[in-house]
Every structure is written in structure tokens, then in C-alpha cells.
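K.L.:
Have a look at this one.
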Ligand SMILES: Nc1nc2c(ncn2[C@@H]2O[C@H](COP(=O)(O)OP(=O)(O)OP(=O)(O)O)[C@@H](O)[C@H]2O)c(=O)[nH]1
Ligand SMILES: [Mg+2]
């Protein structure tokens, strides 16, 4: 099978490419590329250069315009001449088969896009059979339309050339085509098998979940790298892997928690990210079941991140795609220790920007917006953790009484 796009990323160098469009101004593109660089770093690639281009929309055949592609090509050649090999070029948006093929032909290096890079990280992170199966399925789903389009294109070439022996198809027809068709069939078979496997795992998980008894289920959700696992570890004294990399968590971990005699379940889940295709989210269905079946969502936000407001929107959008918009929820603003702002002098009359907002002002605004159902903590510095426990206890208890009115535990508690 031809290995394209999805390939191992070692300690190589990378060039990043993004577009500045009507929907994505220069500042936004910079933020996206910062994130893409972080993703590349997580995958083990060092970014050496960024290219951006102002356009109305992405070029259908080469993503960037011809001139820009030429510029990138020249850069790669110059670097190679100076003995600095460029390992790959990573594009910030998902590329079509056609775009990949054209760009690859031109640049002659490995081409990745945001999606294949994320999938690469997922593949690296996957630990359990469940996660591995989900990632493999997602990778094939990514590959299939790209193969298919390649194949349709050859098919059309043959059709146009009359009785099969026409020009343009020499060397491509026959074995080439069969090979692609075979690849496609193998991938389809593999997808079916993986889906069956996931259904099996799903069944087991559903049984496991049923056996969990009458307990309220709380899920930590949020953008990647906001501190979900750190909070999980702190609250449950468990040892979930947490680090300053994107997608440290791929598998859900569920821990039984007890606060003041009240037992409930706390789940740590995979982080969300921008520009993640919906069908990819779908591959992680069983991971996300924990979110779907939760009674309470604790949305964790990294308040020290300059884009935290957009991250909140992305998470809310993903949650609504999962049909979870109406669930009881609360927001936990984490990393208050790392929040910074620029103080304005009293006589400074330039307009306030978001960099000038103090933590207190931010807190007041959000408390008002959210009817007080938000909290400000630092999981790392253990600030306001008792408050978090208290609020969690209160919310879980309310939900518990609603859901299991005849629970023995609560009766006991009431008599006290
Ligand atoms: N400054 C600061 N850093 C924190 C805080 N909480 C977590 N971190 C750091 O943020 C990074 C990400 O933390 P994780 O707990 O792995 O985040 P996550 O949300 O589980 O991330 P994914 O699993 O990748 O989605 C780690 O380096 C943590 O040490 C905090 O309160 N303050
Ligand atoms: Mg995590």
C-alpha cells in the first residue's frame, strides 16, 4: 500500500503553512500556527519556518497559490543546499487527495495536514486496544477518500480514451489500477473489522458501566492541555498521565470518588481541538460515550491561554455535536497561577484590550455570565481546591437526589 501522509514523525524539521482569509485574520492564523507548531512538537518535529498567504479561499489544486508554492520550494532547496534537510511541510487545514498529490509533486517532501498530524499523535498515544482500534479506524477513514479520488481520477482517464488503449493511461491502467482497487478493498475490509471490534468493546464497556451501580457520573471535558488529568489526579489521588503536550490523554479513565460519604464517578476524557473533522470525532465514539452518559459535565478551561475564549466555543460546539448541550454543567477555570495581564496606567487612554483585563475583572464577568456556576482554581498550585470539592459535592448531591430518590445512603445522611 502506498504510504502517503500518514507516516511516522521522528525528530525531523518541519515547515508550517497557513492561510489568512476573510474568516481567519492574521492574528487568528498566527494562533492557529502556534497551535500547529505545538502539535508538531508533540509529534516530535521541530518547526523551522512558517509560510502564510492572504487569499480569498484555499486553492483547490495546491492550497496556496502557485507563487507561494514556488517560494516554499525554493526555501526547501536552499536549506538542502546548506545541508539542512526539511523533513516535512505541514498544512494547517485538511488537504484533498488532489492537493496532496500536486503539492507533493512540487515540493518532493513529506506532506501532512492538521488532521493527519493529529492522527499521528493519536497513534503515538494510543495505549489500550480500544484506543488503538479507534485510531486505526480514524486513519483509514482519513485515507479512504484520498485513495478513492485517486482511483476515480484514473477511471475517468481510461473512460475518456475510448477502448482502453488510449493515451494518458499507459502504465497507470492495469496493475496500477488493480493495486489501488485492491488497497481500497483491503481498507474497506479492515474498516469493517475494526468497526466490529469496536462494537464488541462497546458492548463490554456498556456492561461495565451498568455494573457501576447507582452513582452520579461526572466527566471532565475541555480543550486539550487545559489540566483535566491534573485535576483528576488531584481529586482522586490517581496517577493519570499528565504532561505539557497535546493529547496526553486518549483513553478515558474513570475513578470512584468519595466526598463526605457521597460516592460518585469521575471520568477524565480526551481533549478537544480546533479544526477536528466531525467523522474523526465519531471514531472516538466509545471514548466519548463517557461524556454522553455523564450526569454532570465539568468543563475545564485554561484561563492562562490567550485563546481561552475561542477554546470554550470549540468545546461547546463539539459538545453540541455530541448532543450534550443540555446537560448540567459547570466551568472550572484552571491555571489562575499562570494568568497574566498588562496593567494600564490611570492616564493611559488607549482602548482596553483583553490583555488589560485583571483576573478579578475576568472572574466577575464570568461569574455574572454563568450565574455563579464557575470556579477559578489552580490545579498545579492547589489553589481553591477545597472550593472545587465543595461545589462538586453540592452539584453531585443535587443530581443524586433527583436521580436516585430512594437511595439508602442519602436517607442515612438526611437523618443526621
Ligand atoms: N501553570 C499551571 N499549569 C498547570 C495547571 N494545571 C495543569 N497544568 C499543566 O498543564 C499541562 C497539561 O495538563 P494535563 O492535566 O495533562 O492536561 P489535559 O487537559 O489532561 O490534557 P490532554 O489530556 O492532553 O487533553 C501539564 O504540564 C500540567 O502540569 C495549573 O493550575 N497551573
Ligand atoms: Mg489529559
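The values are calculated or read from the model by the stated rules, or taken from the named source; none is laboratory data. None of the values given here were measured: they were computed from a predicted structure. Methodologically, a virtual Cβ is constructed for each residue, glycine included, from the backbone with ideal geometry; neighbour enumeration extends over all protein chains shown.
K.L.:
Tell me which residues, restricted to the range 385-404, are surrounded by fewer than 20 Cβ atoms within 10 Å (Cβ to Cβ) and either away from ligand 1 (no atom under 16 Å from the Cβ) or at pLDDT 95 or above (or both).
P.N.:
390, 391, 393, 394, 397, 398, 399, 401, 402, 403, 404
K.L.:
Suppose we filter 392, 362, 388, 375 for residues that are touching a residue at least 40 places away in the same chain (Cβ under 8 Å), over 21 Å from residue 290 (Cβ atoms) and more than 25 Å from the chain's Cα centre (by Cα); which single one remains?
P.N.:
362
K.L.:
Among the residues of the range 41-61, write down those that are closer than 13 Å to residue 106 by Cβ and surrounded by 19 or more Cβ atoms within 10 Å (Cβ to Cβ).
P.N.:
none
Each row is one residue, and each column tells you yes or no for (1) closer than 27 Å to residue 42 by Cβ; (2) at pLDDT 60 or above; (3) crowded, with 16+ Cβ neighbours inside 10 Å.
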| position | (1), (2), (3) |
| --- | --- |
| 110 | yes, yes, yes |
| 141 | yes, yes, yes |
| 158 | no, no, yes |
| 179 | no, yes, no |
| 186 | no, yes, no |
| 189 | no, yes, no |
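K.L.:
Continuing with the same structure: Quick check on the range 302-317. Is at least one of its residues more than 12 Å from ligand 1 (Cβ to nearest atom), touching a helix residue (DSSP H, G or I) at 6+ places or on another chain (Cβ under 7 Å) and modelled with pLDDT of 90 or more?
P.N.:
Taking every residue of the range 302-317 in turn, none turns out to be more than 12 Å from ligand 1 (Cβ to nearest atom), touching a helix residue (DSSP H, G or I) at 6+ places or on another chain (Cβ under 7 Å) and modelled with pLDDT of 90 or more.
K.L.:
Could you list, in sequence order, all residues of the range 80-114 that are farther than 17 Å from residue 59 by Cα and in contact (Cβ under 8 Å) with a residue 40 or more places away in the chain?
P.N.:
Within the range 80-114, 84, 85, 86, 87, 88, 110 qualify.
K.L.:
Give me the pairs, please: first residue somewhere in the range 203-220 and part of a loop (DSSP other than H, G, I, E, B), second residue anywhere and away from ligand 1 (no atom under 16 Å from the Cβ) and at pLDDT 75 or above, beta-carbon distance under 6 Å, and either six or more positions apart or on two chains.
P.N.:
These pairs meet every condition: 214/404; 215/263; 215/264; 215/265.
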